[in-house]
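**Student:** Please find one structure pasted underneath; my questions will follow.
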Amino acid sequence: MTDTPGWASPGSAPSDGPDTPGTPQPPEQPSDRSPDQGDQDGADRAQPPAKWSEEQPPAGQWTAPLPPATPQAQPQDPQTPPRAPQAGPGYPDWGTPPPPPGPGPYGDGPGGWGAPGPTGGPGYGHPGYGTPSGWGGPWGGPPPAARPGVIPLRPLGIGEILDGAVSTMRAHWRTVLGISLAVAVVTEIVVVLLQGLWIDNTAVLDDPSATPEETLRAAGGSMLNSGVVLLVTAIAAIAATALLTPVMSRSVLGRPVTGGEVARDVRPQLPRLCGLTLLLPLIGAAIIGVGTLPGILVAVGGATAGGAALAVLGGMAASVLATWVVVRFSLAPSALMLEKQSIRKALGRSAKLVNGSWWRVFGIQLLARVIAGIIGSVIAVPFTVLAGVLTDNGIGNFLDGTADLGWSFLVISGIGGVIGSTLTLPLTAGVTSLLYIDLRIRREALDLELARAAGVEGRGSGPTPGN
């Protein structure tokens, strides 16, 4: 028998009675004694060791030491919401430390915040809020869309379309203003000639002694004069849109453009461009003419008042239809220049792109023309006042209709019109061209082709703005 008690649990003592439940028993020590010495060993074990105190504590009152304690979740009252973890340093995202390990509502066990998600990924916590691998990691949405030029390559919002048109004018102002100036000069010359030659036909409208036939004829001449001016203005807008479309296409890709490059792009399509430029306004004018024709025929037959009313009503209804048709075909100049198609195919292409987006196209183009009209009026008013002063026409003459609108007045005011049109034509033309690009991005994923052409593949599409 060994005298070393190290194998025995301290405080334990042999007992003659049955083992007390819960009392730890010493492990059995291997022995080299023979079987016939078993009785002697039992006698030896019945006696306490010589080096142990005779007074030992009662058995069963010593508890084996436990392993180091781990934090446990405190029981929570089901009616009391869990207390939020306290903020601490080192957690910049939320300011809260990770939840403790172990089961419970804040631990890693089943149902805890740190438990794996239903798909095997991280749970709400540990790693969780405020960590790169959890939900609290830095999330900035999809990567921004590539922007090699004046617009991002994704579906555009109204503000981005307007900003793209202005940015193009600023980035390529020599080419843009050169084209718009040429169109504006030709347009204003035609308008001044028409007003100077036909202005005397409307003087009878202010004559109280004029017969109904003379009044009707003068009113028809005035309407025709206004209609021709609007027709010329529409032709100028369509021509500017077609001529500036190559500039917009290069500006979207962030490439420089010169007047010579635009001329090379326009030259093969020039005959078709002239035909389309004349055809679109004529379609609108024809629709309005058909609407007013019955009233004109009634008025010529003798019912002047009834014919005039019928002509007005027919003209209003026809104007609505003409607006719908013109907006539906408004993207044809851009399709003609960029896709190198025929007039008929360009009209069909525009109608296909506008289909389902008519109100959006109409609203954006109307907004662009309202802005352009305001800018043009601000520029034209000083020239009109100057023309009135130089021709001895005061404000009262304009109000009572006795102003002398001679050639001097028309030429001076026409100069203001040229300046205003030079600055506003690029805005309306750019908006129309960008609408064409925007609709192709939405319908045909043109942004992918543009990204490849610009060499910026692999970028994100970014969020689509609401419109």
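**Student:** List, please: which pairs have Cβ atoms under 9 Å, are six or more places apart or on different chains, and start with a residue in region 293-309 that is surrounded by 15 or more Cβ atoms within 10 Å (Cβ to Cβ) and end with one that is of a type in the set (Asp, Glu)?
**Tutor:** The qualifying pairs are Thr304/Glu213.
Conditions (1) out of contact with any Ser or Thr (no Cβ under 8 Å at 6 or more places or on another chain); (2) under 23 Å from Val192 (Cα atoms); (3) at pLDDT below 90, marked per residue:
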position	(1), (2), (3)
Met337	no, no, no
Arg349	yes, no, no
Ser357	yes, no, no
Arg360	yes, no, no
Leu366	yes, no, no
Ile374	yes, yes, no
Phe383	no, yes, yes
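**Student:** Going by the conditions given, is Ala387 modelled with pLDDT of 90 or more and not β-branched (Val, Ile, Thr)?
**Tutor:** no
**Student:** Hey, another quick one. Give the number of residues within region 253-286 that are hydrophobic (A, V, I, L, M, F, W, C), crowded, with 20+ Cβ neighbours inside 10 Å and over 13 Å from Leu338 (Cα atoms). Steps first, please.
**Tutor:** Keep residues of region 253-286 that are hydrophobic (A, V, I, L, M, F, W, C), which gives 253, 257, 262-263, 266, 270, 273-274, 276, 278-280, 282-283, 285-286.
Still in the list and also crowded, with 20+ Cβ neighbours inside 10 Å: 257, 262, 273, 276, 280.
From the residues that got through so far, the ones that are over 13 Å from Leu338 (Cα atoms) too are 257, 276, 280.
Matching residues across region 253-286 total 3.
**Student:** Select from region 251-272 the residues that are under 32 Å from the mean Cα position of the chain (by Cα) and in contact (Cβ under 8 Å) with a residue 40 or more places away in the chain and list them in ascending order.
**Tutor:** Across region 251-272, the qualifying residues are Ser251, Val252, Leu253, Gly254, Arg255, Pro256, Val257, Thr258, Gly259, Val262, Asp265, Val266.
The values are calculated or read from the model by the stated rules, or taken from the named source; none is laboratory data. Model, not experiment: these values are computed from the prediction. Counting neighbours? That spans all protein chains shown, and the Cβs are built from the backbone with ideal geometry, glycine included.
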